[in-house]
Every structure is written in structure tokens, then in C-alpha cells.
1. Return the label of the correct value of Rg/Rh (Cα atoms, Kirkwood Rh), as calculated from the structure shown, out of [x] 1.00; [y] 1.31; [z] 0.97.
2. Tell me the net charge near A98. Cut-off is 13 Å between Cβ atoms, A98 excluded, with +1 for each Lys or Arg and -1 for each Asp or Glu.
3. Report in % the part of the accessible area of the stretch 1-70 that belongs to carbon and sulfur, leaving out ligands and nucleic acids; probe 1.4 Å.
4. 222 nm [θ] for the chain, helices only, -39500 (n - 2.57) per DSSP H run of 4+, per residue, to 500?
5. Suppose all protein chains stay in the model; what accessible area per residue would a 1.4 Å probe give for the chain, in Å²?
6. For the chain, what is the relative contact order in percent, using Cα pairs closer than 8 Å and at least 6 residues apart in sequence?
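The values are calculated or read from the model by the stated rules, or taken from the named source; none is laboratory data. In this text, all values refer to a predicted model and were calculated from it rather than measured experimentally. Please note: Cβ atoms are built from the backbone with ideal geometry, for glycine as well, and neighbour counts cover all protein chains shown. Surface accessibility is based on the protein's heavy atoms, side chains included, excluding ligands, DNA and RNA. Shrake-Rupley method; radii C 1.70, N 1.55, O 1.52, S 1.80 Å.
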Amino acid sequence: PAGALDRFIALEAVGSDHVRDDIRLLRQAVAERVHPSAQVLAEGLQLLKTADLRPVLADLSMPSLWLAGRRDRLVHPQAMAQAAASTPQATHAVIAGAGHAPFLTHVDAVLDALSTAWAQLP
């Protein structure tokens with residue numbers, strides 16, 4: 001389990017401008033929490049492998065903001081932009097210098113994107 005968590009943390013930070021700092025921050029956050037059992041980790045990985053909620057996105061009836069890290073190596077920012085474009089009431093923003101988890105590594109930029117999106121609501 002420890003190795004799986006460490007690899008997951010590395011995937012979250014890959015592509016960021018500050019990979020080492022982000023990995024350190026994420027490791028610290030994980031260390032402060034109770035560690036999940038191997039079964040819980042396996043179930044979570046299975047969920048990531050099998051769950052695909054993309055077909056239901058077109059049914060969203062409220063505004064949504066799709067945030068992408070410009071350097072995300074797991075979900076390409078262009079793919080997220082295309083998905084947002086096909087979703088009603090969706091706005092897309094790219095966080096420069098961020099990898100897969102900009103809400104953890106680029107908090108101020110995410111807050112700016114949220115504020116901008118909020119200000120544009122009717």
C-alpha cells in the first residue's frame with residue numbers, strides 16, 4: 001500500500017513546475033491522515049479503472065467549471081476542453097504550470113479561476 005500511495009502521489013505532481021515541492025507537500029498531507037487498508041486502495045484503483053461518467057455529463061443542469069493543469073500528463077488539457085465544450089453550461093480554465101492536481105498545487109490560481117467563473121454566472 002505504501003508503494004501504491006507513493007506512485008499515486010508522483011502521478012498527481014508530474015508535469016508541475018515544482019514537482020519536488022508538490023510531491024513533498026502531498027506526501028506530508030498523506031502522512032497526516034490514517035492510511036487506508038490494502039483492500040480500500042485496491043477498490044479505489046478498480047473504481048478508477050472502471051468508472052466512466054463521461055456519458056452523464058451532458059445531463060448536468062447547472063454551471064460547471066472544468067479546471068485543467070497545463071502540464072497534466074494524465075488528462076490532457078485539450079481533452080478536458082473538448083469535454084467541457086460538449087457539456088451544457090460548462091466553462092473551462094487551464095492553470096499554467098500545474099500538473100494533474102492544480103487545486104492542491106496552485107491554490108491561488110484555482111481560486112482566481114473560481115472567482116472568474118462565479119462572476120460570470122447569471
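1. [x]
2. It works out to a net charge of -4.
3. The nonpolar share, carbon plus sulfur, comes to 62 percent.
4. The helix contribution divided over the chain gives -15500 deg cm²/dmol.
5. Values: 8400 Å² over 122 residues.
Per residue, the chain has 69 Å² of solvent-accessible surface.
6. Working: 142 pairs, mean separation 34.4, N = 122.
Here the relative contact order equals 28 percent.
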